[in-house]
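Taking it in order: structure first as structure tokens, then the write-up.
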Amino acid sequence: MIDVKKLQKVRAFFYLLALVSPLLWGVSCSEATEEESKKASWTIESDMDTAVSPGNDFYQYAVGSWLNANPLADVADINGTIAESEKKSDTFLSNIIAKGSGDVAIDKIASEIKTAEVDWERQVRIPAEKLIGEINGAQTKDELIPVFARMVREGFSPVMSVTFTPVAREVEILLQLGRIETKYQKNLSEDYYILAALDTNTGVDSKISALITSSNVVPQAKSFVTKLETGINSVEAFANQKVNSQLSADNYAYKVLLASGFSVAQIARIKYVSMLDKYFKNLDGCLLDELKAYLTLIVYDEMYRFSKNISIVGDSAVYGNFEYAFKKRAFSKYNLLKSAAEMNVSPESKAEITNLLEEIRSTFIDRTIKNDWMSEATKAKAREKAKNTQFFVAYPETYNRDFILGDFVQTNCFDDVHSLESQTFDAYLKNVDNTSEGTMWALFPSVGDTLQFNAFYHLVNNYIIINPFASCPPACELSKGDSYTYGTLGFILGHEFTHGFDDSGSNYDKNGVRSNWWTPEDRGNFRKKQQQFIKLFSSYDIFSGLISKTGEMNDGELTLTENMADFGGLTLAHDAYMAKKSKEITDAKKLFEAEKDFYLSIAQCYKGNQSESYKINAKLNDNHSNFKIRINGNVVNMPSWYTVFDIQPGDVLYKAPSERIVLW
């Protein structure tokens, strides 16, 4: 998945059973605004810094003139392509709040947001503390079940929140329960939820910090999390287990799910890996006060997220003015998706992107045939999976009306948003067996981030979703020609496709079922490839973006999955582009220049300056390498790049043929 902001907190998702589970303001790929018209004179050469040798720093060579001419503003951590997308997203949101959207549910929440900016006590604090009172009023764990179930229904995360996904054979429901340490969290503080709010340097609202401190819930909440995780191994070990266990009726989690609206028959379908038997027993054995403290802390977490003009610790974004109510809440994801698609994405653009995805698929299949490190049996399985991957671009052709929420009686912002979450939950339960395109869009966990410039691969169900925001400029600017389209959008689409075959996706078959479809020898070869990527990307300095033996080095293990996807995306986009150009261009010199333009265009995808503090934070918390490393670190494995730019031994980026990684 393409991440657009700093990842300061990483949620660990437990795959237990999976069944149920842009916005640009007035710009489409085919409709130019005044701003876009000003860019009509843009050429790829205008961004280049030809004073730099491509073999010494290709990223700087490709976009260095733009980088030099556009230094970061004093308060900015990032600018360029992604920042521009986010700015347009913020403009869209501001207009929704200021002017309305025509969507009843969204516009009512927007009106509450404007009121809440001057009446935060009534709109957020009072209803939140009422819920905390209900939590504290429980005298036994059984008495706590109704409020626990309400929090599950209303999307308080990560209590035992249920994220519904389309049917995936053995795995039917995805639950998030507590947290588990992963390699991505090794550099984070232990306060995975809002415990970091006690640090006065986080910038979160001091009122809520004071409430957390006075409530004294942190010690017992920590005790709850510690007990919950006792005896649970790492996510890596979890990922290697088969789904085989089933919840028993006397389990506390079973009772909560039943109270939240699941039928007995639906709960009977829930399966999970055996490791989590211990997890559920730990939940059964926790003390009432510990569970109450934990749930209380989750409510405080929600209060932060609805607070105004704050910086959130985590969730890979900074929210203010109640953007959380729009960007992250499930109630709005389908409504906003519909509005975004209608306002910004033309049918022609959707068709172009879909066609490009099909080219990426064909290219991948062709490359597996030529693959020399996998057996025929494994290659055949890979092709089966590739052929079975579904694509959902920009918006569904037919919407599932169950997820388009309508009018509601207003009370306050906090309760209304969560009430709409509950309505969405009911729609989930109603559609647990519905695998139509409209339903799959609604059920996809990350579609709530419809304001992001993003695309996602869903490994449990083997499909790719391209959000509306990624279907518009600057990712989708068809007027800039094929080299730009394949170098940016093709790169993104190939990246997502490769996730189906990376260190995580390779553990799931064509139906999204956890399955080892590799021969032992092929799996061993794949692990060797992984080690090559770890070694290569650990050799880059995060500040220079170049290979170095000293300095602040990139974390090749943390960024492994995304680096592999980047290289797969680059390879697939390149081959698809050259296949097309080879049919269109007969002159060898012009074909050579076309290939050169493709390589220059890939840097456009991640064109932008990043501050030193941003790079340091990303190194610690982001499973993506920074912009320059994503480009410099991958082109060095492309044989034709050496030919096109005459890269020679002695150049900083030069790697001998024997050192270049070959993946798909």
* Asked: If ligands, DNA and RNA are left out, what is the accessible area of Phe262 with a 1.4 Å probe, given in Å² to the nearest 10?
  -> 10 Å²
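How much of the accessible area of region 508-664, in percent, comes from carbon and sulfur atoms when a 1.4 Å probe is used?
51 percent
Any idea of the accessible area per residue across region 62-153, 1.4 Å probe, to the nearest Å²?
Working: 4050 Å² over 92 residues.
Accessible area per residue, region 62-153: 44 Å².
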* To do: Could you pull the accessible area for Thr519 with a 1.4 Å probe, rounded to 10 Å²?
  => 40 Å²
* Asked: Ranked from the most accessible area to the least, with a 1.4 Å probe and all protein chains present, what is the order of Trp42, Trp517?
  -> Trp42, Trp517
* Which percent of Cα-Cα pairs in region 94-139 sits in each 5 Å bin, short to long? -> 6, 20, 19, 16, 14, 11, 7, 4, 2, 0
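Before I look further, what does region 347-494 give for accessible area per residue, probe 1.4 Å, in whole square angstrom?
Numbers: 4810 Å² over 148 residues.
Heavy-atom SASA per residue in region 347-494 reads 32 Å².
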* To do: Whole Å is fine, so just give me how far the alpha carbon centre of region 629-664 lies from that of region 543-569.
  => 14 Å
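I'd like the projected area of region 529-576, averaged over all directions, using the convex hull of its alpha carbons. Report it in nm² with one decimal. List each step's numbers first, then the result.
Numbers: hull surface 14.3 nm².
Mean shadow area of the hull around the Cα atoms is 3.6 nm².
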* To do: Provide Rg and Dmax in Å for region 53-102, with only Cα atoms included in the calculation.
  => 16.2, 53
* Asked: What do you reckon, how do Lys350, Lys387, Lys222 stack up by accessible area (1.4 Å probe), largest on top?
  -> Lys387, Lys222, Lys350
* To do: Would you mind working out the magnitude of the charge dipole of region 381-516 relative to its Cα centre, with +1 at each Lys and Arg C-beta and -1 at each Asp and Glu C-beta, to the nearest 20 Debye?
  => 640 debye
* To do: Would you mind checking the radius of gyration and Dmax of region 573-664 based on alpha-carbon positions, in Å?
  => 15.6, 48
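Packing-wise, with mean Cβ within 10 Å as the measure, how do 402-415, 596-609, 499-512 rank, highest first? If you can, show how the numbers build up before the last one.
Values: 402-415: 16.9, 596-609: 24.5, 499-512: 21.0.
Answer by packing, highest mean first, reads 596-609, 499-512, 402-415.
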* Asked: So how compact is region 410-554: Cα radius of gyration and Dmax in angstrom?
  -> 20.4, 61
* Would you tell me the accessible area of Asp366, worked out with a 1.4 angstrom probe on the heavy atoms of the protein chains, in Å² to the nearest 10? => 80 Å²
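The values are calculated or read from the model by the stated rules, or taken from the named source; none is laboratory data. Treat the numbers as computed from the prediction; the structure is a model and nothing was measured. Positions of Cβ are backbone-derived with ideal geometry, glycine not excepted, and every protein chain shown enters the neighbour counts. What goes into the accessible areas is simple: the full protein's heavy atoms, side chains included, and nothing from ligands, DNA or RNA. Shrake-Rupley method; radii C 1.70, N 1.55, O 1.52, S 1.80 Å.
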